[in-house]
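Asks: What follows is a single structure, and I will ask about it in a moment.
The numbers here are math on the coordinates, done by the rules we state, and not lab data. All values reported here derive from a predicted model rather than from experimental measurement. Neighbour counts run over all protein chains shown; Cβ positions are idealised from the backbone, glycine included.
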Amino acid sequence: MKAIVFDGRRLRLADDLQKPAAVHGEALIRVTMAGICNTDMEIMKGYLGFQGIIGHEFTGIVEAIDGRSKKLLGKRVVGEINCGCRHCGLCLEGLEKHCPDRTTLGILGRDGAFAQYTTLPVGNLHEIPDNLTDEEAVFTEPLAAAFEILEQIRIKSTDKVLVLGDGKLGILCALTLRLTGADLTLAGKHPWKLSVAREQGVPVVLAKDLLPAGNKYDVVVEATGSADAFETAMKLTRPRGTIVLKSTVAHGAPVNLAPLVIDEMTVVGSRCGPFKPALNALAKGLINVKPLISAVFPFEEAKKAFTRAKMRNVLKVLLDPGK
Ligand SMILES: [Zn+2]
Ligand SMILES: [Zn+2]
């Protein structure tokens, strides 16, 4: 099969890989669409030292299942990316994403989804509602990461909430948190990206105007993808406020934590989230992801796709293995 492999130094399109098999309670999935995420870019800078088939945002069709329940056979699915040992305390609590022995699709110890076929435990899969296209459903994984914030903190409709970062994740966080009815603003550096959110009714501001405006927020979500934005987040959070960190970066930045102590702020790290509310919001049309799609490339043009994904004024770049 064809797949996009990161060998520790560069990306390579392989066309001679063995098609995986469904074993150990897993499903074999024929990938129908995949999305390039900033984490994929960070992997190429050394994030978690991953080597192998990259990619973790996908839609696919279940072709084989190892296990008794064949309910999902032939169905269109998306898949949660963390696979725990299923035995440890964290796994039994449903926190497989924190299992010390976990693998993560295309990120940690497990080949990913930029391939014609991939495998995941059957329990990780969710059927895609009929009214969603693959192009929309492929956003489930990053959108679930935005919904994770609502699992972790309570946002009141009276709260002032700021999302920092007008990339894919920042926009998805803004579209999601807006559903709480809170007074929400999205800040970024790119007028075009901000306009994509504004067209869906999200109030936006240029990042350079934030500090001069002197506003402080109850909740600041840091989704810039840049290690040094934490300082800015601290300056924009009110005393006793909450900072949610969403960026996963390969290399950190030194930071003076004194403002956290003085203003008694709470910092919440936030990673992968629940698929059900994300799929639900997409299916009900509460969140429209279509304006975030910048381009769809065939696998053969993976290098072009990655170059495009890194360019300014580009949001989501998709890969279509069948194209
Ligand atoms: Zn991702
Ligand atoms: Zn475990």
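Asks: Is there a pair in K97/K276; K75/K97; K276/K310; K189/K235 whose C-alpha atoms are over 22 Å apart, and which pairs would that be? It would help to have the intermediate numbers written out before the result.
Replies: Working: K97/K276 16 Å; K75/K97 24 Å; K276/K310 30 Å; K189/K235 17 Å.
From the list (K97/K276; K75/K97; K276/K310; K189/K235), the Cα-Cα distance tops 22 Å for K75/K97; K276/K310.
Asks: While we're looking at this one, here's another question. Considering only DSSP beta bridges whose two residues both sit in the chain, what percent are antiparallel, to the nearest 5?
Replies: That works out to approximately 50 percent antiparallel.
Asks: Calculate the spin-label point distance for E300 paired with V23, positioning each point 7 Å from the Cα along the beta-carbon direction, and give it in nanometres.
Replies: Output for this residue pair reads 3.3 nm.
Asks: Cα extents of the stretch 144-269 along the three principal axes, largest first, in whole Å?
Replies: Ordered largest first, the stretch 144-269 gives principal extents of 38, 31, 29 Å.
Asks: In whole percent, what relative contact order does the chain give with Cα contacts below 8 Å and a gap of six or more residues? All intermediate terms of the calculation are to be shown ahead of the outcome.
Replies: Working: 728 pairs, mean separation 58.0, N = 323.
Relative CO of the chain lands at 18 percent.
Asks: Among Q51, L120, G167, pick out the residue whose Cα is farthest towards the positive end of the charge dipole of the stretch 49-183, where Lys and Arg carry +1 and Asp and Glu carry -1 on C-beta, about the Cα centre.
Replies: Among Q51, L120, G167, the one farthest towards the positive end of the dipole of the stretch 49-183 is L120.
Asks: So, one more: What value, in deg cm²/dmol to 500, does the helix sum -39500 (n - 2.57) over DSSP H runs of n ≥ 4 give at 222 nm once divided by the residues of the chain? Spell out each step's value before the answer.
Replies: On the way: 11 runs with 81 residues, N = 323.
Result for the chain, helices only: -6500 deg cm²/dmol.
Asks: What residues of the stretch 118-153 lie in the reach of a label at R308, counting those whose backbone N is under 18 Å from a point 7 Å from the Cα along Cα→Cβ?
Replies: Flagged as within label range: 134-139.
Asks: Just the number: Rg to Rh for the stretch 1-138, Cα atoms, Kirkwood Rh, two decimals. The partial results should precede the final answer.
Replies: Values: Rg = 14.6 Å, Rh = 15.2 Å.
Ratio of gyration radius to Kirkwood radius for the stretch 1-138: 0.96.
Asks: When the dipole is taken about the Cα centre of the chain, and only Lys, Arg (+1) and Asp, Glu (-1) are charged at their Cβ, what size is it in debye, to the nearest 20?
Replies: Values: 41 positive and 36 negative charges, 82 e Å.
That gives a dipole near 400 debye.
Asks: Under a point-charge model restricted to the Cβ atoms of Lys and Arg (+1) and Asp and Glu (-1), what is the dipole moment magnitude of the stretch 149-305 relative to its Cα centre, in debye to the nearest 20? Spell out each step's value before the answer.
Replies: Working: 20 positive and 14 negative charges, 66 e Å.
My answer is approximately 320 debye.
Asks: Classify the stretch 68-214 from the C-alpha gyration tensor, please: rounded if a/c falls under 1.5, else prolate or oblate depending on whether a/b exceeds b/c. Can you show the working numbers first?
Replies: Details: a/c = 2.25, a/b = 1.81, b/c = 1.24.
It is prolate, given that a/c is not under 1.5 and a/b is the larger ratio.
Asks: Sticking with this structure for a sec: Pop the C-beta distance of R238 and K276 into the FRET formula with R0 = 35 Å and round what comes out to the nearest 0.05.
Replies: On the way: r = 32 Å, r/R0 = 0.92.
Between R238 and K276 the formula returns 0.60.
Asks: Rounded, prolate or oblate: which one fits the stretch 161-225, using the alpha carbon gyration tensor with axes a ≥ b ≥ c (rounded when a/c is under 1.5, else prolate when a/b beats b/c, else oblate)? Walk me through the numbers before you get to the answer.
Replies: Working: a/c = 1.42, a/b = 1.07, b/c = 1.33.
Rounded, because the longest to shortest axis ratio a/c is under 1.5.
Asks: Give the Kirkwood hydrodynamic radius (Å, one decimal) of the chain, defined as one over the mean of 1/r across all pairs of different Cα atoms.
Replies: Values: mean 1/r = 0.0495 Å⁻¹.
Computed over Cα pairs of the chain, the Kirkwood hydrodynamic radius comes out at 20.2 Å.
Asks: Further, regarding this structure: Under 5 Å between amide hydrogens, which residues at least 5 positions from L315 or on another chain qualify, with H placed 1.01 Å from N in the peptide plane?
Replies: S294
Asks: In debye, nearest 20, what is the charge dipole magnitude of the stretch 229-323 about its Cα centre with +1 on Lys and Arg Cβ and -1 on Asp and Glu Cβ, if you could check? Could the numbers behind the result be given before it?
Replies: Working: 15 positive and 6 negative charges, 66 e Å.
Dipole about the Cα centre, nearest 20: 320 debye.
Asks: Give, as a single signed number, the net charge of other residues whose beta carbon lies under 14 Å from the beta carbon of L286, with Lys and Arg counted +1 and Asp and Glu -1.
Replies: On the way: positive: R178, K276, K284, K290; negative: E136.
Summing Lys/Arg as +1 and Asp/Glu as -1 gives +3.
Asks: A further question follows. Just report the Cα centroid separation between the stretch 8-80 and the stretch 197-270, whole Å.
Replies: Between the Cα centre of the stretch 8-80 and that of the stretch 197-270, the gap is 33 Å.
Asks: Just A295, A213, A305 to compare: in a GNM of the chain, with alpha carbon springs under 10 Å, which one fluctuates most?
Replies: Checking each option, the largest mean-square fluctuation is seen for A213.
Asks: Oh, and also: Does a label point 7 Å from the Cα of V261, set along Cα-to-beta-carbon, have any residues of the stretch 227-244 with amide nitrogen under 15 Å, and which are they?
Replies: Output list for this probe position: empty.
Asks: What are the lysines whose alpha-carbon lies under 19 Å from the alpha-carbon of K303, with same-chain residues fewer than 8 places away excluded?
Replies: Cα-Cα hits under 19 Å: K2, K45, K316, K323.
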